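Okay, structure first, notes after.
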Amino acid sequence: MKNKLFGGFIALALLAGAAGAWAQTQGKKPELVEKTGVIQIQKADAAKNEKYDTIMLKVGEESIKLLPSKDKKVFKPLEKLDGKTITVKGEYLPPNPPKYPLAAIKVLSINKGAAKK
């Protein structure tokens, strides 16, 4: 009887800990940022099995990778803006080396009025 009771307390403690960790990750809101820089397109490398071009935002010395959000219609015009200065608003994703060495922004909106020739 003591073993069942002790096992029940351990299971309850593990569940409470897992629920607390889940609540912490769900409560975090992504950081929204607004960055202005020059769009640079890097063509996909077939030797590395890349399917899509990489779109970067060059802000001073910093390069930020741009990723599509759920609304892909906002992201599509960026492919035609190579070399243009533009303002991008979106969710900031910090770098996480070695898998993700660059910071990234999930693009929510772009300011086309800021685009310069």
Margin query: I need the full set of residues from segment 57-96 which are aliphatic (A, V, I, L, M) and part of a strand (DSSP E or B), in order please.
Written below: L57, V59, I64, L66, L67, I86, V88, L93
Notebook entry, point to check: Is it the case that segment 94-105 has a residue that's at pLDDT below 90, under 21 Å from Y52 (Cα atoms), in contact with a Leu (Cβ under 7 Å, 6 or more places away or on another chain) and hydrophobic (A, V, I, L, M, F, W, C)?
Noted result: no
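The values are calculated or read from the model by the stated rules, or taken from the named source; none is laboratory data. Worth saying up front: this structure is predicted, and the values here are computed from it rather than measured. Cβ sites come from the backbone with ideal geometry, for glycine too, and all protein chains shown count toward neighbours.
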